[in-house]
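**Student:** Sharing a structure with you now.
Just so it is clear, none of the values below were taken in a lab; they were calculated from the coordinates. As the structure is a computational prediction, the values presented were derived from the model and not from experiment. Ideal geometry is used to build each Cβ from the backbone, glycine not excepted, and the neighbour counts take in all protein chains shown.
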There are 2 protein chains.
Amino acid sequence: MSQTVTDFEVHDIRFPTSEQLDGSDAMNPDPDYSAAYVVLRTDGADGDGGGIEGHGFCFTIGRGNEVMAAAIEALRPYLTGRPVPRTAADLGELYRDLTHDSQLRWLGPEKGVMHMAAGAVLNAAWDLAAKHAGRPVWQFLAGMTPEELVSLVDFRYLTDALTPEEALAILRAAEPGRAERAERLRAEGYPAYTTSPGWLGYSDDKLVRLAKEAVADGFTQIKLKVGGDVADDVRRLALARDAVGTGVRIAVDANQRWDVADAVEWMTALAPYDPHWIEEPTSPDDILGHAAVRAGQPVKVATGEHVANRVVFKQLLQAGAVDFVQIDAARVAGVNENLAILLLAAKFGVPVCPHAGGVGLCELVQHLSMFDYVAVSGTWEDRVIEYVDHLHEHFVDPTVIESGRYTAPAAPGFSARMHPESIAAHRYPEGPVWQARRTNEEDSR
Amino acid sequence: MSQTVTDFEVHDIRFPTSEQLDGSDAMNPDPDYSAAYVVLRTDGADGDGGGIEGHGFCFTIGRGNEVMAAAIEALRPYLTGRPVPRTAADLGELYRDLTHDSQLRWLGPEKGVMHMAAGAVLNAAWDLAAKHAGRPVWQFLAGMTPEELVSLVDFRYLTDALTPEEALAILRAAEPGRAERAERLRAEGYPAYTTSPGWLGYSDDKLVRLAKEAVADGFTQIKLKVGGDVADDVRRLALARDAVGTGVRIAVDANQRWDVADAVEWMTALAPYDPHWIEEPTSPDDILGHAAVRAGQPVKVATGEHVANRVVFKQLLQAGAVDFVQIDAARVAGVNENLAILLLAAKFGVPVCPHAGGVGLCELVQHLSMFDYVAVSGTWEDRVIEYVDHLHEHFVDPTVIESGRYTAPAAPGFSARMHPESIAAHRYPEGPVWQARRTNEEDSR
């Protein structure tokens, strides 16, 4: 009767989003939002009588999604045959198995394709474990003791900034009030902001219309993409400021477009319109560059969606390079590494404002911020989760936004499961959506 | 009659080196040295009447080599059908094509599997271009004008430390004397050091015997792996020091084993035996950590074989974190990105001592140090290329070491070509070497 992981399915799923210029920015002109998706099948029964499953994925923007799928496939031996109770009870062990494989580690270490693949598989295991426990991931995490949570973290390379003892102290300090905060979260939801008005490919009219709609929908922060042309950005930011008024925050996002001097010059030009933060002004690897941008102009600095791992986040904090830490649920090694990053941010007193959007990133990352509120930082002051209204219809338990806030998920798991029909339709290259697109392209030649 | 790249072959090649513990260190106990190997075939004639070819590869240590091969495969569209003369004449254009593909860039950016794949393909194009010109790569590079060399570099994210104008000034300052240095290089070879005595899996007797042999062979520097156990390391370093005397340098290499405080404590214990440098004391991503290790103990600090890209090297230099820059020919985006790193090191006055070994890394990287000597830094003072006597027999134009120095390659190209028989024998999983191993494993059950 011991339950085990019996199968490990990998899917290359792509959505032809480049047709609408949704998601267009200064560095990513034509993304096809994609997921390298993994399903852990088991012989353990769930409520429907089928086997309980774990779903996870990496987000990519099109080409190369097959490389991610190959990297996930390389992790198959660690999962197939693994007992479900052991997996659910010791996700720290699985994390170490996946990231300490010495041969696979050479391909990073702990960065890029191989590390994101470890994250996808780990997140699938978290989905499985939370379903096994009958709880949404945020609540599953928030029900653990400080000692259990600390055992999930890999402190290698962190101890000059955060020791296990310090992490334990942070978590213990947040123990009183966990129940009250969980209750408040269920009642009020978690603050969100929206990027939907601000894609670089949108016209001024569409920008203004969507900005006003966002405020009408209850959002108190929006975000614009910048970095194409400084005069365009000044005009667009002025239009947006005029549309939303002074009471609504407008963040701007350069998607790594600049060198340090460019960032300082550009943001000095945009500063009169009071941008809330400048996001990804330069390379995500450039810790000292971010520190120089922060020191060189008046706007607060945010980064993280492309930061490779906890070691780089540690240094961004040590160097005083960022005002906001932007975790991403699917770039680092899953819940475990994001737990380390939440603890680092708490240690340094820097708010965490997650990156989301893409495919399913909102669904995943909401759990991490909600857990942070209940059991780590204990506050949502100055914290917001990004929201983008793309592709949620493909998920079985999609994000729910009410009055500009994320509603706390109630269903067991990580909200990661896509509808089987969505998977079937968008498999690349053989799914019907892509077959039809190829037929159209051939017809138009 | 225009020559083009007609085919793009990708091979997963693995050598079962884990059987001997060659290459064993504190983080990599059982590597199977491997290459994800690419061949650019063309319809341009070479001297033998066949089509001129470009060969390149990434080095891995076994599992995951198939993921690297998939990443190389993703770059196929940029090469097939590409004219050879255009490729040879503008390797800066190819570099930008491979690393600026916005969808593929998402998988890094500029790090890990996808970035190493770009490096393999770029290096294959450099092999092709140098053969097209009838010169070894070091000489092909050293024959370019400063302006041509600067056009090969991507200065994005570098300009706060190195501008194109500064790079030009460095290269112009080294123009006088190029011919004399090339002549001296051909006559004397380039200084090398050897890691062959020092693998962690070797017995004390083997260590002492190989250390003495290295000195007898003319090497003036050897290297030991450390980081398993401090008492063992003190004993091994003392034995090695006793074996080679005080006139020979002994570097030590921790392969990322430590946190900052561990590194400081461990190296303080080893310092009495006068190690020349401590290599990879901690995470290759930890710029501030390296700076703290350098400040906290007396031994000089070296790193680079796992440094992901030019942006991280820039910061290691800006932060004063390293005494030696250890480039690797096959981890960053090929010759182009290594040219940027050589220029950064020259700007900061830090010697470059390349990482080599593995499969074919000696063959490749010798060209970069020799070019640096002739046309960038203009000196080999305090500079040595690593040498490991593994697997050279598989290369058509293998590294030649004489009296502890690399002999300047004379054959056109990048010395990257493996013997067809070696490729056929070691293809994974279908090559006869691996089939035989599986048969042996089945027999021994």
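**Student:** With a ≥ b ≥ c taken as the square roots of the eigenvalues of the C-alpha gyration tensor of region B:178-420, please select rounded if a/c is under 1.5 and otherwise prolate if a/b is larger than b/c or oblate if it is not?
**Tutor:** Oblate, because a/c is 1.5 or more while a/b does not exceed b/c.
**Student:** Okay, next question. Treat the count of other C-beta atoms within 10 Å as a stand-in for reagent exposure and order B:394, B:290, A:100 from fewest to most.
**Tutor:** Least crowded to most crowded, the residues run A:100, B:394, B:290.
**Student:** Could you tell me the number of lysine pairs in region B:178-420 with C-alpha atoms less than 18 Å from each other, where the two lysines are 8 or more residues apart or belong to different chains?
**Tutor:** 7
**Student:** With springs only between Cα atoms under 10 Å apart, run a GNM on chain A and tell me which of A:269, A:416, A:130 wobbles the most.
**Tutor:** It is A:269.
**Student:** Could you list B:87, A:407 in order of exposure, starting from the residue whose Cβ has the fewest other Cβ atoms within 10 Å?
**Tutor:** A:407, B:87
**Student:** May I pose another question? If each label sits 7 angstrom from Cα along the C-beta direction, how far apart, in nm, is residue A:201 from its counterparts in the other copies?
**Tutor:** Reported distances to equivalent positions: 5.1 nm.
**Student:** Still on this structure, I have one more. Apply the a/c threshold of 1.5 to the C-alpha gyration tensor of region A:162-238 and tell me whether it is rounded, prolate or oblate.
**Tutor:** Cα axes put region A:162-238 in the oblate bin.
**Student:** Mind checking which helices in chain A clear 27 Å along their axis (Cα) and have mean Kyte-Doolittle hydropathy of -1.0 or more, DSSP H runs only?
**Tutor:** Qualifying helices, which must be both long enough and hydrophobic enough, are A:112-133.
**Student:** Right, something else. From the backbone phi of region A:5-13, what are the Karplus-calculated ³J(HN,Hα) couplings (6.51 cos²θ - 1.76 cosθ + 1.60, θ = phi - 60°) in whole Hz, Gly and Pro given as x?
**Tutor:** My calculation for region A:5-13 gives 6, 9, 8, 9, 9, 10, 10, 9, 10 Hz in order.
**Student:** Shifting gears a bit: Over region A:178-420, what is the relative contact order in whole percent, taking alpha-carbon pairs under 8 Å and six or more residues apart?
**Tutor:** So the answer I get is 20 percent.
**Student:** Can you bin region B:330-396 into rounded, prolate or oblate? Criterion: square roots of the alpha carbon gyration tensor eigenvalues sorted a ≥ b ≥ c, rounded for a/c under 1.5, prolate for a/b above b/c, oblate for the rest.
**Tutor:** prolate
**Student:** What residue among B:371, B:59, B:395 has the largest mean-square fluctuation in a Gaussian network model of chain B, using Cα springs under 10 Å?
**Tutor:** With Cα springs under 10 Å in chain B, the top fluctuation among B:371, B:59, B:395 is at B:395.
**Student:** Given H placed on each backbone N at 1.01 Å, which residues far from residue B:5 in sequence or on other chains put an amide H within less than 5 Å of it?
**Tutor:** Here the answer is B:81, B:82, B:84, since their amide H atoms fall under 5 Å of that of residue B:5.
**Student:** Quick check on the exposure proxy: order B:347, B:212 from fewest to most C-beta atoms within 10 angstrom.
**Tutor:** The fewest-first ordering by Cβ neighbours comes to B:212, B:347.
**Student:** Over chain A, with a Gaussian network built from C-alpha contacts below 10 Å, which listed residue (A:79, A:128, A:364) shows the highest mean-square fluctuation?
**Tutor:** A:79
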